[in-house]
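The values are calculated or read from the model by the stated rules, or taken from the named source; none is laboratory data. Since we're looking at a predicted model, the values are computed, not measured. In this analysis, Cβ positions are derived from the backbone assuming ideal geometry, glycine residues included, and neighbour counts consider all displayed protein chains. Remember, those area values only see protein heavy atoms, side chains included, never the ligands or the DNA or RNA. Shrake-Rupley method; radii C 1.70, N 1.55, O 1.52, S 1.80 Å.
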Amino acid sequence: MVKKKKRKTTRDRWSSHWIFLFAAIGSAVGIGNVWRFPYLAGKYGGGAFLIPYLIVLFLLGIPILILEYALGRRMQRGAVGAFGKINSKLKGVGVNAVFVGFIVCAYYSVVMAWSLIYFLHSFRVSWAPNPKEFFFTNVLEISSNIRFLDGINWIIFAALIAVWVLIYFCVWKGTKSVGKVVMITMPLPVLLIIVMAIRGITLPGSLEGILFYLTPNFRALFDIQVWNAAISQIFFTLSIAFGIMIAYASFNAEMQIKKDAWIIAVINSAISLIAGFAVFATLGFMAARQGLPVSEIAAAGPSLAFIAFPQALSLMPFAALFSLIFFITLISLAIDSAFSLVESVSTVFSDKFKKLSKPWIAAGVCFVGFLTGIIFTTRAGMYFLDLVDHFVTNYGLVLVGVAECVVIGWFYGAPRLRRYINRDADWKLGKWWDFSIKYLCPAVLLYLVIAQFVVDVTENYGGYPDWAIWIGWLVVLAPIAVSVVISLWPGKR
Ligand code: PHE
C-alpha cells in the first residue's frame, strides 16, 4: 500500500481506499446491469450481443475507464476542472460529459421510481398472473403512442419525488455520507441477484432461455447496430463519459489506477452476466408456459426486466417477502449510481464556486434533475425514455468518449499520463494503452457513431414521428452547444 502524501488542498477525501472502490463499483453497478443489459441482450439476440459486449469491454471500456481515473486523480478536479487544467478551451469536454450524464440521470431516476412502485405493490403480488399487462396498464398506464402524452401519471410523479429525496439525503454531505451508504447499497443487491439467478435456473424451461442468452451468433458481428448497442451499454454501465469517475478519482488518495479499473470493470460485468442468467432463465420458463419462442418474449425492450423479474419473484417461496427485498435492493443498487452523478455535477459547481455550500449545490442539482424527469412521468413517458436513451447513449456518451481520447491522446499525451499512472502502481500499464487511447478508441468510436448516424437519418428510430426524432437530436446537440459556448467564453478558467 502506498502511503498517503501530505497535500495542501482541503479537497474532500474518501476515508479509505476501500470506500473509494465501493463507491466506484456502486456507481457502475446499477439498474443498467439488471434492467438495461438484459433488455439489450434480448433485443439484439441474446448470444449475439454478448461477444461484442465483451470485446468492447476489454478493448475500449477499460482503457477509457483507466483514462478517467488517471485524469481525475492527476488533476484533483471534477470533469470540467480536470479538462480545464489541460487547457481552458477544453473545459467543454467536461461540461458535455456532465450534461449528458445529467440527462441519463433524469430518466434513470424514473426507472427507479417504477421500482419503488413495484416495491409498494409487493405487499399484494398482484402482478403475478400477467406481469406484462400489470406493467403497462397498471404501473405506466401507457398511452397508445408517443403523440398522446395523456397527462402526468401522478403515482409515478410522487414516486419520482421520493426517489430524489432519497438521492439527496445520500449525497448532502459529500464523500462522508456517500462512503457510509455504499457499504450497504453495493453488496446487498448483488447477493439477491445471485439468489434470483439460482432460482431461475431451477425453473422448468429455463434451459431454453439460457441457451438463447449464451449461444453466440457470429453473423451478428457484422451488424453495426449490435456493436453500437454494446458500446452504449459499456459506457453506460461503467459510468464512463459521465464525468463521474473523474470526480470520484479526484477524491482518491491511492495510486492503483489500473488495478482499480480492472477490479471495478470485472465485478461490474460479472454482475450483469449473472443478472442475465436470472432474466433469461425466467424468460425460458415463461416462454415454455405460454408456448412462445424465447426470442419473442425477450424482445420486450425497456420493459423486459419489469416483466421478467416480477414473474421470477412470484415463483419464489415467500414471494411477497422476496419481492419486497428485491425491489428495495434494486433501488439501493440504483441509488449509488444516481448519486454518483449528482456528486459529479456538484463537484463541478463546488470546484468553481468555492463559497457555495455543498448541501445547497446538491439540493439544486437534485431539484433540476427531478424537473427534467417530469416528461418521463407522463403516460407517454416510456416512449420518451426509449427515445432519449437511444440518442443520449449512442451519441452523447460516445462522442464524449471520443473527445476524451483525443484530448489525452493528442493534446496531453497518453505516454505522459501513463507514466503518472505507473508511478507507485502495483500493476503497470503497458504501451498498448497509448495506442488504444490515441488511435484505436477514437477511430472505432467515431466509425460507429457515423454508421449509427447513417442508420438514424435513413429511418426513424423506433418508428417514432419526425418531431420526436428531433427531440432526440436536440438532446444530443444541446449539451454540445452549451459546451462550445462555455469553452469559448472569454475569461479565466
Ligand atoms: N452505471 C450505471 C448503471 O449501470 C448507470 C448510471 C450511472 C446511471 C450514473 C446514472 C448515473 O446503472
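All other residues whose Cβ lies under 12 angstrom from that of Ser337 are scored, Lys and Arg at +1 and Asp and Glu at -1, for a net of -1. Each principal axis of the Cα cloud of the chain was evaluated for its coordinate range; sorted largest first, these ranges are 63, 49, 47 Å. Among the listed pairs Lys85/Lys180; Lys89/Lys355; Lys258/Lys352; Lys176/Lys428; Lys258/Lys438; Lys176/Lys354, those whose Cα-Cα separation exceeds 26 Å are Lys85/Lys180; Lys258/Lys352; Lys176/Lys428. With an a/c value of 1.5 or above and a/b not larger than b/c for the gyration tensor axes a ≥ b ≥ c computed over the alpha-carbon atoms, the stretch 434-493 is described as oblate. Simple rule: put +1 on each Lys or Arg Cβ and -1 on each Asp or Glu Cβ in the chain, find the dipole, and look at Ala403, Met382, Val34; the Cα lying farthest toward the positive end is Ala403.
Model label sites at Phe435 and Leu211, defined 7 Å from Cα along the beta-carbon direction, differ in position by 4.1 nm. Remark on Arg379: its backbone amide H falls under 5 Å from those of Gly151, Asn153, a criterion applied only to residues 5 or more positions apart or on other chains, H modelled at 1.01 Å from N. Amide H to amide H, with H built 1.01 Å from N, Phe251 comes under 5 Å of no residue 5 or more places away or on another chain. Hey, if you put +1 on the Cβ of every Lys and Arg and -1 on every Asp and Glu Cβ in the stretch 174-332, which of Ile297, Val195, Phe285 ends up farthest toward the positive end of that dipole? Positive-most Cα among the choices belongs to Val195.
Roughly speaking, to the nearest percent, how much of the chain's 1.4 Å accessible area is carbon and sulfur?
Carbon and sulfur: 71 percent of the exposed surface of the chain.
Each residue was assigned an accessible area with a 1.4 Å probe, and for Leu371 the value is about 80 Å².
Under the rule a/c < 1.5 gives rounded, and otherwise a/b versus b/c splits prolate from oblate, where does the stretch 132-215 land using the Cα gyration tensor? Taking the square roots of the gyration eigenvalues as a ≥ b ≥ c, the stretch 132-215 is oblate.
In this structure the chain gives 39 Å² per residue of accessible area when probed at 1.4 Å with all protein chains present. Here the dipole of the chain is about 2780 debye; that uses its Cα centre as origin and unit charges on the Cβ of Lys and Arg (positive) and Asp and Glu (negative).
Please find the FRET efficiency linking Phe318 to Met183, where r is the Cβ-Cβ separation and R0 is fixed at 25 Å, and quote it to the nearest 0.05. Walk me through the intermediate numbers first.
On the way: r = 26 Å, r/R0 = 1.06.
Approximately 0.40, to the nearest 0.05.
Label sites at Trp154 and Gln290, each approximated as a point 7 angstrom past Cα along Cα to Cβ, lie 3.2 nm apart. The modelled label-to-label distance for the pair Ser88/Tyr461, using points 7 Å beyond Cα in the direction of Cβ, is 3.6 nm. Straight-line cross-link reach from Lys173 at under 19 Å between alpha-carbon atoms covers these aspartates and glutamates, not counting any fewer than eight positions away in the same chain: Asp12, Asp336, Glu343, Asp351.
Note the full-extension length gain between Val485 and Val195 as 0.36 nm times their separation in residues minus their Cα-Cα distance, in nm to one decimal. Before the final figure, lay out each step's value.
Numbers: separation 290, 0.36 × 290 = 104.40 nm, distance 4.96 nm.
Full extension from Val485 to Val195 adds 99.4 nm.
In the chain, the calculated helix contribution to ellipticity at 222 nm averages -21500 deg cm²/dmol per residue, counting -39,500 (n - 2.57) for every DSSP H run with n ≥ 4.
Annotation: Arg416 carries an accessible surface of approximately 120 Å², with a 1.4 Å probe and no ligand, DNA or RNA atoms counted.
Simple rule: put +1 on each Lys or Arg Cβ and -1 on each Asp or Glu Cβ in the stretch 314-453, find the dipole, and look at Thr372, Val449, Asn422; the Cα lying farthest toward the positive end is Asn422. Long hydrophobic helices in the chain, taken as whole DSSP H segments with a C-alpha length of 27 Å or more on their own axis and mean Kyte-Doolittle hydropathy at least 1.6: 466-488.
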